Structure formats: structure tokens, C-alpha cells
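Chemist: My structure is below; once you've seen it, I'll send some questions.
Coordinate-derived values only; no laboratory data. Computed from a prediction, not measured in an experiment: that's the story for all the values here. No Cβ is skipped: glycine too gets one built from the backbone with ideal geometry, and neighbour counts run over all protein chains shown.
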Ligand SMILES: [Zn+2]
Ligand SMILES: [Zn+2]
């Protein structure tokens with residue numbers, strides 16, 4: 001048996017998919033069949049060639065990716081529980097640390113596993129056994145001693161994918177910075193990390209959350225995640241004015257915590273000036289080398305400032321991230337963090353899209369791409385393909401988010417059509433629904449015939465919240481990707497088969 005690994009030969013160029021033999025896990029190891037991988041900001045840095053200091057002037061059969069989740073394919077001998085002590089079996093959905101602290105050095109013993117000097121990072125040269133060392137492939141080989149956690153049933157793959165990077169990082173960083181209930185927190189940068197930080201701060205009881213960003217749509221998303229104040233660089237073009245705005249919002253005292261999730265060094269002095277006396281500055285954003293800033297050390301002393309930086313995290317942070325997601329499912333719009341889900345075979349497109357979209361967003365969701373390793377081939381009986389199916393009848397039904405779980409869908413838009421392909425469905429049926437009820441969820445039920453004449457009923461639940469702005473732009477791929485993990489097929493036997501869905 002073999003599996004695919006995406007390999008980069010030129011910075012900013014195309015990926016190539018190579019097949020490698022799938023290894024048997026050694027004792028203590030876990031072989032994971034990946035279902036999702038995220039394209040994180042740091043992956044874009046690598047792809048663009050901004051981390052040459054670490055990866056060389058030319059990528060040498062480079063394979064990478066670190067945000068991911070999947071199902072246990074094989075357990076090595078001796079593995080029967082996850083890192084939280086819960087039973088672990090083949091088929092369980094899992095997420096895991098993508099780095100490997102030694103667990104037995106003085107640093108690890110101080111609960112600073114993210115800083116472990118003996119920390120092992122995955123090999124990034126394709127073809128190095130056990131071959132599946134990174135996220136952009138069909139499998140992941142979790143070496144013995146890796147920290148692995150079962151994903152709660154309530155947490156879908158799309159939401160779980162960035163948990164082992166963005167969310168765990170933010171939970172760990174804010175804990176290090178000493179976040180307490182009643183705090184005022186300033187978040188610089190409303191990207192994936194920043195938005196997670198808004199949710200974490202809100203959940204931890206922060207009294208006031210202030211977000212600073214340049215892009216209006218990201219600021220709106222920050223508000224939707226619970227930010228009290230969204231400061232726009234457009235409206236407050238100078239650092240002085242932004243610092244003053246934070247002072248005005250805090251009665252002249254400054255914020256308890258200011259956190260950088262931007263990654264450009266010029267935001268650091270500005271953020272330091274937003275701190276109250278004795279406050280904490282949390283630095284997470286700077287990951288590419290060369291981010292130098294200058295600041296008056298005396299001002300730090302006089303301000304009793306605490307400087308805290310965080311790269312990687314201790315394993316407890318990932319366990320807590322999953323508990324956080326389970327507890328807050330439905331409270332924060334996590335599903336809006338990922339805008340596009342591509343099949344692994346289209347990874348180059350995913351990077352191009354994430355790179356291009358990263359400059360602004362589509363106004364509704366954060367522009368972040370993810371990859372799906374879903375394998376339609378394993379579905380028995382007649383093959384179903386979203387692109388080739390003949391749709392004989394389609395219904396679009398709408399029901400409100402609030403009654404989502406309790407009621408049967410009540411038809412509000414319903415009709416039949418004969419259309420040659422899925423594509424014809426999209427504009428015809430989604431747009432009127434979205435226009436009519438911005439912010440609603442949409443239920444689509446499609447009956448179609450396969451080549452063998454068997455009638456299948458497929459129900460798609462769009463977990464995306466539509467807004468009227470969505471219907472006006474080139475966004476059908478956005479909607480389609482949102483379907484990703486929400487397909488239920490009903491076979492002739494009546495058995496329901498849940499599948500990943502690739503648009
Ligand atoms: Zn990441
Ligand atoms: Zn260690």
C-alpha cells in the first residue's frame with residue numbers, strides 16, 4: 001500500500017505528488033490516515049521562500065505542513081490510550097502535536113515543553129522514512145512518544161484542523177501572559193491566530209477585547225468572534241492615534257495584555273506603548289527571521305512591563321484546545337476561519353488561493369485554505385461523484401439556525417429542476433435563499449440518479465452563514481468548500497454514509 005506526499009521543488013511553484021510505501025507503526029507509534037491539513041501563515045512563508053535560512057536557497061524535495069487531523073489507521077504495539085488517558089482505537093478521530101519535546105530535560109520538567117532544547121522537528125525531505133512526516137500527505141506517522149488526543153464528536157474536522165497550531169498556540173501564549181478574568185486584552189492582527197485569541201480571551205472572562213487590523217472584513221469577523229472594539233488602521237493611521245485610542249478605552253491606564261499576531265516588527269513598539277503599568281506583552285507573530293525592533297529599555301523598566309514570547313506549546317494546551325472547541329461549538333464562528341477546502345491533488349491551487357486571498361478576505365470569512373484527503377473510492381456500490389452526477393431533482397430548503405437541531409426542515413424555497421450537473425445548482429438555488437435570509441443556514445436536498453439507475457438522496461447541510469454580500473461576489477467556491485464535511489448519503493438499504501465532500 002502506498003500514500004501520497006506533496007513535494008515542493010521551487011519556492012512559489014507547483015507541488016508534485018509522490019507515492020511512498022505506508023509503513024507499519026513500530027511499538028509506541030501511531031499511523032494516522034489524515035483527513036484534513038491546514039495552510040497556515042507559516043506554511044505560506046515557507047512556500048514563498050521567506051524562510052530560506054532554515055530550508056535552503058532552493059527547496060530540496062521539501063515536504064511540510066503541520067496543521068492536521070485524521071483517523072487512527074494503525075496503532076503500534078503498546079498504544080491503547082491517548083495523551084489524556086482515554087481509550088484509543090483504530091478509526092478514532094485524532095489530532096496531535098507536530099513537534100516532539102523530549103519530556104525529560106530540565107526545561108521540559110519546568111512545564112516548558114515548547115521550549116525543549118532537544119525538541120525534535122519532523123524531517124522535511126521527501127522520501128525520508130517513515131515518509132509521512134508532515135501534514136501534506138495521505139498519512140502521518142506519529143513517532144513513539146508523540147502526544148495525541150481524541151477529537152470530541154461535537155468538533156468537526158474543519159474546526160479541529162487548526163487546533164494543533166493556532167488555537168493551542170493562543171491558549172498557551174495567553175496563559176503564559178497571565179490572562180485573568182476582568183482583563184483588557186489588545187489583539188494586534190485579526191488573522192487566524194488573532195481571531196482564535198479573541199475567542200479564548202472572551203471565554204476566559206476578559207472584560208474588554210480590543211482588536212487592531214487593517215482590513216475591514218477581518219475587523220468585522222473579529223467583532224463576530226466577540227471583540228468589543230475593532231480599531232481600523234484606515235481610521236487611525238498613526239501609531240500615536242492607535243495608542244491613544246486604547247488609552248481612551250481604558251480610562252488612560254492601558255491594557256493588561258497586548259498580543260502580537262501580526263508578524264511585522266513595527267507593531268511591537270506600538271503595542272508596548274498600549275500596556276498598562278505592569279502589563280504583559282505577548283509576542284507570537286514573528287516567525288520569519290530578521291524581525292528587529294527598537295524600543296527604549298528604560299520605558300520597559302519604568303512600566304514594569306512583562307515581555308512574554310511563545311513558540312510551540314506544552315501538550316496540555318492541545319487537550320485544552322479540544323475541550324474549548326467542544327464547549328464553545330456554536331458560540332464562536334470557527335467554521336468561518338477556513339474559506340476554501342481543496343482536495344490534496346489541488347494543493348498548489350490551495351496555496352495560490354490562500355496567498356492571493358490573504359491580502360483581504362472575501363468579506364465573510366477569513367481567507368484560509370485547507371486540504372482534504374477524502375477518498376471517494378472507498379464508497380461501495382455505484383460511484384458517486386459530485387461533478388458527474390446527473391441531478392434529476394433538487395430542493396433547497398431553509399431553516400433557521402436556532403431550530404437547526406430540533407426540527408425537520410420546513411420548505412420555504414422548493415422546486416424541481418433538470419440540470420446537467422451540480423454546477424447548475426449553485427447559482428440557481430443558493431442565491432435566492434441567501435438573499436432572502438442573510439445569516440441563515442441552508443439545507444439542500446438533492447435527489448439524483450446514478451448510471452445504474454439507483455436513486456440516491458443526498459442531503460447537504462451548508463454550515464456557512466450566508467450574508468447578502470456573499471451573493472454579489474465570485475463566491476461559489478467559498479460556499480462549496482463549506483460543504484466539506486457535511487454530506488450524508490442514503491443508500492438503498494437506508495443506511496446513512498457520511499462522507500467528505502469535495503467541490
Ligand atoms: Zn500553523
Ligand atoms: Zn526536553
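Chemist: By count of other Cβ within 10 Å, fewest leading, how are 26, 50 ordered? Walk me through the numbers on the way to the answer.
Modeler: Values: 26 14, 50 17.
Fewest to most other Cβ atoms nearby, the residues stand as 26, 50.
Chemist: Using label points projected 7 Å from each Cα along Cα→Cβ, tell me how many nm separate residue 248 and residue 304, to one decimal.
Modeler: 2.8 nm
Chemist: Let me ask something else. Using a 10 Å cut-off around each Cβ, can you sort 292, 7 from fewest to most neighbouring Cβ atoms?
Modeler: Fewest-to-most ranking of 292, 7: 292, 7.
Chemist: Using a ≥ b ≥ c from the Cα gyration tensor of the stretch 62-112 (square roots of the eigenvalues), is it rounded, prolate or oblate, where a/c under 1.5 gives rounded and otherwise the larger of a/b and b/c decides, a/b for prolate?
Modeler: Oblate.
Chemist: Take every Cα pair under 8 Å in the stretch 1-121 that's 6+ residues apart, average their separations, divide by the length, and report that relative contact order as a whole percent.
Modeler: Numbers: 199 pairs, mean separation 27.5, N = 121.
Computed value for the stretch 1-121: 23 percent relative contact order.
Chemist: If you don't mind, another one. Below 8 Å between Cα atoms, with a sequence gap of 6+, how large is the relative contact order for the stretch 260-320 in percent?
Modeler: Details: 67 pairs, mean separation 23.7, N = 61.
With pairs under 8 Å counted, the relative contact order is 39 percent.
Chemist: Sticking with this one: Need the C-alpha centroid separation for the stretch 183-207 versus the stretch 86-118, integer Å.
Modeler: 25 Å
Chemist: Sort 68, 1 by Cβ crowding within 10 Å, fewest neighbours at the top.
Modeler: Fewest to most other Cβ atoms nearby, the residues stand as 1, 68.
Chemist: If a/c stays under 1.5 just call it rounded; otherwise compare a/b with b/c (prolate if a/b is bigger, oblate if not). Do that for the stretch 60-159, with a ≥ b ≥ c from the square roots of the Cα gyration tensor eigenvalues. Don't skip to the answer; put the middle values down first.
Modeler: Details: a/c = 1.61, a/b = 1.06, b/c = 1.52.
Here the stretch 60-159 falls in the oblate category.
Chemist: Please give the peptides 182-194, 340-352 ranked by average Cβ packing (other Cβ atoms within 10 Å per residue), highest first, as a rough proxy for protection.
Modeler: 182-194, 340-352
Chemist: Compute the Cα gyration tensor for the stretch 168-309, then decide on rounded, prolate or oblate, letting a ≥ b ≥ c be the square roots of its eigenvalues: rounded whenever a/c is under 1.5, prolate when a/b is larger than b/c in the other cases, and oblate in all that remain.
Modeler: Taking the square roots of the gyration eigenvalues as a ≥ b ≥ c, the stretch 168-309 is rounded.
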